[in-house]
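Worksheet: one structure, shown below.
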Amino acid sequence: MDTFVDSSWYFLRYCDVGNEDAAWGAGALHEWMPVDQYIGGVEHAILHLMYARFICKALADLGQLDFQEPFKAQFTQGMVTKDGSKMSKSRGNVVSPASIVERLGSDTARAYILFVGPPDQDADWSDEGVEGVHRFLGRLWRLAADTAERAGPFSGEWASAAEAQGDDLALLRKTHWAIEKVGGDLRRFAFNTAIAAVMELLNDCSRLRESVDLETQRFALAMAASLLFQFAPHVSAEVYERLCGERVWEQPWPQADQGLLESDVYELVCQVNGKLRDRVQAASGASAEELKELCRLAPNVQSHLDGREIVKEIVVPGKLVNLVVR
């Protein structure tokens, strides 16, 4: 009963837990049901999901519900394996969260699980990967602490892009790119690429730390913490408060400045026979012929042409040029 029957209608009771006269009231179900999103492992998709749907259909046929399907959308998560096998006590390959939390903190354990791979696919556990996520969170903390100390108290006004130029403008563009990327990734449950975008932003913060204004750096790091808050809440909240003196969970979700997402130039990937050979800066409005010429003139591309005949030139606007040679 508790495994299959009760677990197949508990969501109906959740809508009206204070009702002492009936399992639920029609008004409560009308407000809350059906469930917007169902998330579960493959075992749930086969058993729990099937039973829940059956009970709802049966109750609807009995006139107790005015809907047939309990869930509007379904997302089936993958499984975390160890050494290529499903974690099992009998195999002795179970990883204890307690030991990771004790040694590296709960933020590391949580962020690593979400970063390990696409959530709808199986992923193999890696101790090295856990350490890598821990180092990433440590870098964020150290860089934010250094920036907060050097910049002093937050004025309440973020760095403006109106007068920014050079590296400051580049870092602001990267920050708004990350805001746009993480927001889009979250809508499709791509947690791994969302975290990777914050990592990329942090790399730019580290690389440009000596060449950008402290307020630009403060903004970039604060937005990194805000975007990372749902994955690593403890360190992100501490970083945000240290930089801004405010609680990140009380702030609105960051919004990307669409004007900063448009760049006059981009990095054109130059390939020879499908292999990356160089990267060059290209104007956003460059024609296909101009992109081909840029690729042909790239130093590392020229060294791989070496008098060989170009038989085909493939252009993907805004991304790459591939020279096929023989």
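Okay, residues lined up against (1) free of Cβ contacts under 8 Å to residues at least 60 places away in the same chain; (2) of a type in the set (D, E, K, R); (3) under 21 Å from PHE154 (Cβ atoms):
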residue: VAL235; (1), (2), (3): no, no, yes
residue: VAL239; (1), (2), (3): no, no, yes
residue: SER263; (1), (2), (3): no, no, no
residue: CYS270; (1), (2), (3): yes, no, no
Worksheet item: Out of the residues in segment 294-319 that are open to solvent by 40 Å² or more (accessible area, probe 1.4 Å) and among the small types (Gly, Ala, Ser), which is farthest from the chain's Cα centre (by Cα)?
Response: GLY307
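Would you check if ALA22 is under 21 Å from VAL5 (Cβ atoms), surrounded by fewer than 14 Cβ atoms within 10 Å (Cβ to Cβ), without any contact (Cβ under 8 Å) to a residue 60 or more places away in the chain and not charged (D, E, K, R)?
Taking the combined requirement at face value, the residue satisfies it.
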Practice prompt. Those residues that are charged (D, E, K, R) and more than 15 Å from LEU140 (Cβ to Cβ), I need them from segment 92-111; list them, please.
Written response: GLU102, ARG103
Fill in: Filter result (assigned to a strand (DSSP E or B) and under 28 Å from the mean Cα position of the chain (by Cα)) within segment 261-274
VAL265, TYR266, GLU267, LEU268, VAL269, CYS270
Worksheet item: What residue, of ALA151, ALA222, is touching a helix residue (DSSP H, G or I) at 6+ places or on another chain (Cβ under 6 Å), closer than 17 Å to VAL235 by Cβ and either at pLDDT 95 or above or open to solvent by 20 Å² or more (accessible area, probe 1.4 Å) (or both)?
Response: ALA222
Fill in: Any hit, segment 202-225, residues being closer than 26 Å to PRO119 by Cα and outside any helix (DSSP H, G or I)
no
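So, of the residues in segment 106-146 that are acidic (Asp, Glu) and assigned to a helix (DSSP H, G or I), which turns out to be modelled with the lowest pLDDT?
Initially, segment 106-146 is screened for residues acidic (Asp, Glu), giving 107, 120, 122, 124, 127-128, 131, 146.
Now restrict to residues that are assigned to a helix (DSSP H, G or I): 107, 127-128, 131, 146.
Working: ASP107: 92, ASP127: 81, GLU128: 86, GLU131: 92, ASP146: 95.
Ranking the candidates gives ASP127 first.
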Worksheet item: Does segment 159-171 contain at least one residue that is buried (at least 18 other Cβ atoms within 10 Å of the Cβ), modelled with pLDDT of 90 or more and not small (Gly, Ala, Ser)?
Response: yes
Item to complete: Identify, by number, the condition in (1) open to solvent by less than 80 Å² (accessible area, probe 1.4 Å); (2) free of Cβ contacts under 8 Å to residues at least 24 places away in the same chain; (3) within 22 Å of ALA225 (Cα to Cα) that SER106 doesn't meet.
Response: (2)
Worksheet item: Is it true that SER263 is open to solvent by 10 Å² or more (accessible area, probe 1.4 Å) and farther than 30 Å from GLU149 by Cβ?
Response: yes
Practice prompt. Test each condition in (1) closer than 30 Å to LEU140 by Cβ; (2) surrounded by 13 or more Cβ atoms within 10 Å (Cβ to Cβ) for LEU291 and report the one that comes out false.
Written response: (1)
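Only one of these is part of a helix (DSSP H, G or I) and within 23 Å of GLU180 (Cβ to Cβ): LEU243, LEU294. Name it. Reasoning before the result, please.
Numbers: LEU294 fails: within 23 Å of GLU180 (Cβ to Cβ).
The conditions single out LEU243.
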Discussion item. List the residue pairs whose Cβ atoms are under 9 Å apart, where the first residue sits in segment 173-199 and is in a loop (DSSP other than H, G, I, E, B), the second is buried (at least 18 other Cβ atoms within 10 Å of the Cβ), and the two are 6 or more positions apart or on different chains.
Written reply: PHE189/PRO119; ALA190/PRO119
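What's the total number of residues in segment 49-75 that are within 25 Å of the chain's Cα centre (by Cα) and either in contact (Cβ under 8 Å) with a residue 60 or more places away in the chain or open to solvent by less than 50 Å² (accessible area, probe 1.4 Å) (or both)?
As a first pass, look at segment 49-75 and keep what is within 25 Å of the chain's Cα centre (by Cα): 71-75.
After this cut, where a residue has to be either in contact (Cβ under 8 Å) with a residue 60 or more places away in the chain or open to solvent by less than 50 Å² (accessible area, probe 1.4 Å) (or both) as well, the list is 71, 73, 75.
Final tally of qualifying residues: 3.
The values are calculated or read from the model by the stated rules, or taken from the named source; none is laboratory data. From a predicted model like this one, the values you see are computed outputs, not experimental measurements. We place every Cβ from the backbone using ideal geometry, glycine too, and count neighbours over all the protein chains shown. To get the accessible areas, we keep the full protein, side chains included, count just its heavy atoms, and leave off ligands, DNA and RNA. Shrake-Rupley method; radii C 1.70, N 1.55, O 1.52, S 1.80 Å.
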